[in-house]
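Contents: one structure, followed by commentary.
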């Protein structure tokens with residue numbers, strides 16, 4: 001059996017690669033957009049003359065572009081009938097394809113059009129900041145900036161500000177770059193919350209005994225209760241877990257319905273606290289969390305609304321978080 005030499009193998013690999021490139025180029029060879037527009041107009045209006053008027057072109061230009069398409073498809077697309085034209089069977093099928101393609105392009109443009117809004121701000125932030133701080137204050141923000149349009153993204157970590165898809169960033173991780181301005185927005189902590197009735201019942205129970213007097217609502221990925229459990233065991237007290245979840249919103253909802261005590265970010269619970277749907281247990285110490293930073297590029301902004309939004313968020317955060325009474329007596 002004869003094996004190819006390294007030189008022969010290299011030549012065959014290059015030939016094969018070239019074959020793939022040619023096939024790919026052939027598949028992607030598309031007609032000019034102007035020809036598709038001319039065909040769509042003539043198909044709808046049944047006339048090259050009227051298509052030329054609609055597109056502000058000459059009739060000969062329309063005819064030339066239709067001819068280009070017929071050469072590209074290898075099919076006759078129109079039959080000339082007197083002063084007008086009618087679609088062939090192939091033309092009717094192709095007309096629907098072209099109409100769908102042009103509609104898709106138009107829809108795509110409409111989808112990205114808001115990015116060009118000079119009053120838009122693309123804000124990346126944690127879910128708890130969006131739901132616990134920004135959303136309750138949207139009325140105040142729009143009163144201060146009536147034309148603003150906030151684009152919220154809460155599901156990804158940001159490591160740079162490109163001024164194309166990112167204007168402002170709220171994160172626990174400051175971006176260390178000479179082109180990024182970072183401001184400390186707010187300190188964060190986890191607090192113990194429960195429903196109003198549970199708070200009344202536990203008001204005079206000291207810490208840490210209070211943790212054994214009501215079921216615990218536990219975050220699956222956190223160990224918020226762990227530091228205090230050994231002391232409870234030494235005192236002969238035991239805790240009971242009634243629900244475990246990865247979603248802090250569910251923990252707040254369960255606490256609101258008197259299901260037990262939850263230890264959650266103050267931001268997540270801020271609206272429920274302010275409306276007294278839940279109460280904070282003051283005898284349970286808060287647990288510090290990494291602070292939140294607000295960041296923007298120091299280079300010229302994509303939108304004129306970025307700087308006012310940056311200043312408004314900074315100023316509004318200085319007012320703190322309203323969490324209502326510490327407990328209900």
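The values are calculated or read from the model by the stated rules, or taken from the named source; none is laboratory data. All of these numbers come straight from a predicted model, not from anything done at the bench. So basically every Cβ, Gly included, is an ideal-geometry build from the backbone, and we count neighbours across all protein chains shown.
Yes or no: residue 199 touching a strand residue (DSSP E or B) at 6+ places or on another chain (Cβ under 6 Å), outside the structural domain of residue 131 (by TED's automatic domain parsing), touching a residue at least 40 places away in the same chain (Cβ under 8 Å) and part of a loop (DSSP other than H, G, I, E, B)?
Against the criterion (touching a strand residue (DSSP E or B) at 6+ places or on another chain (Cβ under 6 Å), outside the structural domain of residue 131 (by TED's automatic domain parsing), touching a residue at least 40 places away in the same chain (Cβ under 8 Å) and part of a loop (DSSP other than H, G, I, E, B)), residue 199 does not qualify.
Collect the residues in region 43-81 that are crowded, with 20+ Cβ neighbours inside 10 Å and either more than 41 Å from the chain's Cα centre (by Cα) or more than 20 Å from residue 100 (Cβ to Cβ) (or both), keeping them in residue-number order. Reasoning before the result, please.
Taking region 43-81 as the starting set, the residues that turn out to be crowded, with 20+ Cβ neighbours inside 10 Å are 43, 48, 51-52, 62, 65-66, 69, 77-78.
Passing the criteria: 48, 51, 52, 62, 65, 66, 77, 78.
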Exclusive hit being within 17 Å of the chain's Cα centre (by Cα) and modelled with pLDDT of 90 or more, set 130, 144
130
